[in-house]
Amino acid sequence: MNKKRKADLYLIIFCLLAALVCYLLFTFSNSKGDKVVVRVDGVITNTYSLSDDGTYSLNNGSNILVIKEKKAYLIEADCPDKLCVKQGKISKCNQCITCLPNKLTVTIESNNSDVDIIS
């Protein structure tokens, strides 16, 4: 194997290891949230505890939010594409579900977070 191919192989291995380290850091360092903050058109309309299970009607009934087992997710929406429902469950700080047609965001936040976001 010539020197150029060895260098390429080392670069590929380095990139894969760097990607794995970044993934592991993001997965294990992102803390669990305490509350669910609902915003409609950028204005906070509701705040719920992530510890209290329940089903909530949002945005005058256009979306249905479920909080169960410290995870939040939308089960129903009156928007045409239903992408907000397909986004799944969220439980970690700064995770967000967005429904663009209804101008709705559901965000997980922490009551005691000193760091706003990690980039």
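The values are calculated or read from the model by the stated rules, or taken from the named source; none is laboratory data. Quantities reported herein were computed from a predicted structural model and do not represent experimental measurements. Don't worry about glycine lacking a Cβ; one is built from the backbone with ideal geometry, like all the others, and counts go over all protein chains shown. Each accessible area value is taken on the protein alone, full model and side chains, heavy atoms only, with ligands, DNA and RNA left out. Shrake-Rupley method; radii C 1.70, N 1.55, O 1.52, S 1.80 Å.
Each residue in region 72-83 was checked for being under 26 Å from SER51 (Cβ atoms), open to solvent by 80 Å² or more (accessible area, probe 1.4 Å) and under 17 Å from the mean Cα position of the chain (by Cα), and 1 of them qualify.
I'd like the full set of residues that are in contact (Cβ under 8 Å) with a residue 60 or more places away in the chain, outside any strand (DSSP E or B) and not charged (D, E, K, R), limited to region 97-113. Listed by number, the residues that qualify are ASN102, SER110, ASN111, ASN112, SER113. Checked against (1) loosely packed, with under 11 Cβ neighbours inside 10 Å; (2) of a type in the set (A, V, I, L, M, F, W, C); (3) at pLDDT below 90, PHE26 meets all criteria but (1). Could you tell me whether any residue of region 2-16 is open to solvent by 80 Å² or more (accessible area, probe 1.4 Å) and within 30 Å of ILE67 (Cα to Cα)? Among the residues of region 2-16, not one is open to solvent by 80 Å² or more (accessible area, probe 1.4 Å) and within 30 Å of ILE67 (Cα to Cα), which makes the answer no.
Across region 29-58, the number of residues qualifying as touching a Lys or Arg at 6+ places or on another chain (Cβ under 8 Å), within 21 Å of ALA77 (Cβ to Cβ) and surrounded by 15 or more Cβ atoms within 10 Å (Cβ to Cβ) comes to 3. Go through region 25-80 and give me each residue that's among the small types (Gly, Ala, Ser) and either under 14 Å from ASN94 (Cα atoms) or touching a Cys at 6+ places or on another chain (Cβ under 9 Å) (or both). Correct list: SER29, SER31, GLY33, SER62, ALA72, ALA77.
Taking region 84-98 as the range and being surrounded by 15 or more Cβ atoms within 10 Å (Cβ to Cβ), among the hydrophobic types (A, V, I, L, M, F, W, C) and at pLDDT 90 or above as the test, the residues that pass are CYS84, VAL85, ILE90, ILE97.
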